[in-house]
Amino acid sequence: MTLHFQPPPPDHVPPELIVDFDFFKIPEGVTDPAEIWHGLIRRGVPKIFYTPHNGGHWVFTDYDDIVEGYRNYEIFSTYQTPVPPIEPFPVMQPQGVDPPEHNVFRRLMAPMFTPVAVRGMVEELEERAKGLIDQFADKGGCDFISDFAAKYPTGTFLFLFGLSEDRLPEFLELAKVFFRSTDPEERAKNVTDIYAVLEILFREKEKNPGNDIASAIVTARDAEGKQHPWQDILNCGFLLFVAGLDTVTNTLAYIWRYLATTPEARQHFRERLDDPDAFLRAIEELFRINSVSNLFRRITHDVEYKGIQFKQNDRVILPNTLANRDPDVFENPNAIDLDRTVNTHVTFGVGPHRCVGSHLAKREVMVSMQEWLRRIPDFQLDPNEPPSGVFGGSVMGFESLKLVW
Ligand code: HEM
């Protein structure tokens, strides 16, 4: 079962703005899921278009409109946005709530992920990366996704939530079903399972708080000194699970795929292992070019935008990969320039919902790369097993990436 729900386009959509495009569908032979988006630009589709696939939704294709979609929450809401629509859908805290209510959980979470807070996690991140790499460095090869890129952020999630490492297999399985399954029954059960785990976790942390994020969320008090509503606490835990795993896994996958095929890039990073500023600048460019997330918005009321009529509840997709290669904003946008200095990419969003975990995400990538290049300075794609299981959707990536050295 795949997600191809296709009602007829509604009457307010002019025929010239309709494009046949399914962002879950990766045609045979396409090895990079982002290419389905860039193919749209090559086809010369309208800058804002409507596709009847996946329940029907709009797509913004240029930087300015994508940024407007992020910033203008009075028109473009984050409340219950999934494409294709799933109703009811958890109101994720704070991502699924518009300002000003959004600020309640945003303020609660922001201090936990500041650059200073993330610096305090570096030792743990380094140990985790080393521990994983040690398991395969001497073997001459690995499947980068299952051996590293999936385990690393999931283990980090366990650490942040004060959970035991023994639970890694259980969480890997929960994440695998959540991010990859297209079976509606399996998906529904999986969400129930994740909430059941969060319920037990937060109840335990409420009784025995520790020095972890789950404890900070459950023991926080609102302006009147009361605990936040229990459902919001669970929804916040759910968001952290959803936001920080697959995004990191697939960003790592894209980056390692590039490093494996680009000796000059490996050299560039190896030469800067002890120069964090230059290292981070170069990583920033890899975040621009390898932007895995396509975000959703929902129209709050009937409204005209750029001469186009939108109706309340219409869905809009903001594909970051297109914004990040808009030639009006980035010089030579398809070239990877590891010394690019002005880099206003939108990989972490912009505006009120800009990624709370961006400093952690960057640090996870940086530490992984540093530890990897120290142990495995040179590596290639396995010539016998090209990257496989390429998928589109709200996060794009690969199911397998075999490397050899
Ligand atoms: C490469 C990795 C990541 C990418 C590409 C990414 C991308 C994004 C984007 C585009 C948004 C904006 C969502 C919107 O506007 O609707 C966002 C929000 C968010 N991200 Fe990330 N993210 C990453 C990693 C993380 C990590 C590691 C965490 C935390 C552990 C995290 C936590 C969050 C949270 C809590 C929000 C919601 C913020 C709000 O609504 O105020 N993210 N992320």
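The values are calculated or read from the model by the stated rules, or taken from the named source; none is laboratory data. Model, not experiment: these values are computed from the prediction. Every residue, glycine among them, receives a Cβ derived from its backbone with ideal geometry; neighbour counts consider all protein chains shown.
Is it true that residue 403 is crowded, with 21+ Cβ neighbours inside 10 Å, within 20 Å of residue 295 (Cβ to Cβ), in contact with a Leu (Cβ under 8 Å, 6 or more places away or on another chain) and in contact (Cβ under 8 Å) with a residue 60 or more places away in the chain?
On the way: crowded, with 21+ Cβ neighbours inside 10 Å: yes; within 20 Å of residue 295 (Cβ to Cβ): no; in contact with a Leu (Cβ under 8 Å, 6 or more places away or on another chain): yes; in contact (Cβ under 8 Å) with a residue 60 or more places away in the chain: yes.
Taking the combined requirement at face value, the residue does not satisfy it.
Determine which single condition residue 152 fails, assuming it passes every other condition in (1) within 12 Å of the ligand (Cβ to nearest atom); (2) within 27 Å of residue 86 (Cβ to Cβ); (3) aromatic (Phe, Trp, Tyr); (4) out of contact with any His (no Cβ under 9 Å at 6 or more places or on another chain).
Of (1) within 12 Å of the ligand (Cβ to nearest atom); (2) within 27 Å of residue 86 (Cβ to Cβ); (3) aromatic (Phe, Trp, Tyr); (4) out of contact with any His (no Cβ under 9 Å at 6 or more places or on another chain), only one is false for residue 152: (2).
Taking the criterion of being within 23 Å of residue 104 (Cα to Cα) and surrounded by 21 or more Cβ atoms within 10 Å (Cβ to Cβ), would at least one residue in segment 224-231 satisfy it? Outline the logic, then answer.
So in segment 224-231, the residues within 23 Å of residue 104 (Cα to Cα) come out as 224-231.
Subset that is surrounded by 21 or more Cβ atoms within 10 Å (Cβ to Cβ): none.
Checked against the condition, which is being within 23 Å of residue 104 (Cα to Cα) and surrounded by 21 or more Cβ atoms within 10 Å (Cβ to Cβ), segment 224-231 yields no hits at all.
Cβ-Cβ under 7 Å, sequence separation 6+ or interchain: first residue in segment 156-176 and on the phi < 0 side of the Ramachandran plot, partner in a loop (DSSP other than H, G, I, E, B) and at pLDDT 90 or above. Which pairs?
Taking only residues 6 or more apart or on different chains, the pairs are 157/245; 160/212; 161/212; 172/150; 175/245.
Identify the residue in segment 75-121 that is of a type in the set (Gly, Ala, Ser) and buried (at least 16 other Cβ atoms within 10 Å of the Cβ) and, among all such residues, is farthest from the ligand (Cβ to nearest atom). Can you show your working first?
Keep residues of segment 75-121 that are of a type in the set (Gly, Ala, Ser), which gives 77, 96, 110, 117, 120.
Checking the rest, the ones that are also buried (at least 16 other Cβ atoms within 10 Å of the Cβ) come to 77, 96.
Working: 77: 10, 96: 8 Å.
Within segment 75-121, the match that is farthest from the ligand (Cβ to nearest atom) is 77.
One line per residue, one yes/no per condition, for (1) without any contact (Cβ under 8 Å) to a residue 60 or more places away in the chain; (2) within 22 Å of residue 369 (Cβ to Cβ); (3) in contact with a Phe, Trp or Tyr (Cβ under 8 Å, 6 or more places away or on another chain):
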{"position": "147", "(1), (2), (3)": "yes, yes, yes"}
{"position": "181", "(1), (2), (3)": "yes, no, no"}
{"position": "187", "(1), (2), (3)": "yes, no, yes"}
{"position": "194", "(1), (2), (3)": "yes, no, yes"}
{"position": "208", "(1), (2), (3)": "yes, no, no"}
{"position": "215", "(1), (2), (3)": "yes, no, no"}
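Which count do you get for residues in segment 10-60 that are in contact with a Ser or Thr (Cβ under 7 Å, 6 or more places away or on another chain), buried (at least 19 other Cβ atoms within 10 Å of the Cβ), among the aliphatic types (A, V, I, L, M) and in a loop (DSSP other than H, G, I, E, B)?
1
For segment 283-359, list the strands (runs of 3 or more DSSP E) that sit wholly inside it and hold at least 1 residues that are in contact with a Lys or Arg (Cβ under 8 Å, 6 or more places away or on another chain) and of a type outside the set (Val, Ile, Thr); which are they?
Numbers: elements: 294-299, 303-305, 308-310, 315-319.
The strands (runs of 3 or more DSSP E) meeting that bar are 294-299, 315-319.
Scan segment 276-300 for residues that are away from the ligand (no atom under 16 Å from the Cβ) and over 22 Å from residue 379 (Cβ atoms) and jot them down.
276, 277, 281
Residues that are more than 17 Å from the chain's Cα centre (by Cα), more than 15 Å from residue 260 (Cα to Cα) and among the hydrophobic types (A, V, I, L, M, F, W, C): does segment 367-390 have at least one?
Yes: one or more hits.
Exactly one of these conditions fails for residue 154: (1) β-branched (Val, Ile, Thr); (2) more than 24 Å from residue 231 (Cα to Cα); (3) surrounded by 18 or more Cβ atoms within 10 Å (Cβ to Cβ). Give me its number.
In the conditions (1) β-branched (Val, Ile, Thr); (2) more than 24 Å from residue 231 (Cα to Cα); (3) surrounded by 18 or more Cβ atoms within 10 Å (Cβ to Cβ), residue 154 misses (2) alone.
Suppose the filter is at pLDDT 95 or above and surrounded by fewer than 16 Cβ atoms within 10 Å (Cβ to Cβ); does residue 328 pass it? Please lay out each step first, then the result.
Details: at pLDDT 95 or above: yes; surrounded by fewer than 16 Cβ atoms within 10 Å (Cβ to Cβ): yes.
Yes: the conditions hold for residue 328.
When segment 242-253 is examined, which residues are found to be buried (at least 21 other Cβ atoms within 10 Å of the Cβ) and part of a helix (DSSP H, G or I)?
Going residue by residue through segment 242-253, those that are buried (at least 21 other Cβ atoms within 10 Å of the Cβ) are 244-253.
Result: 244, 246, 247, 248, 249, 250, 251, 252, 253.
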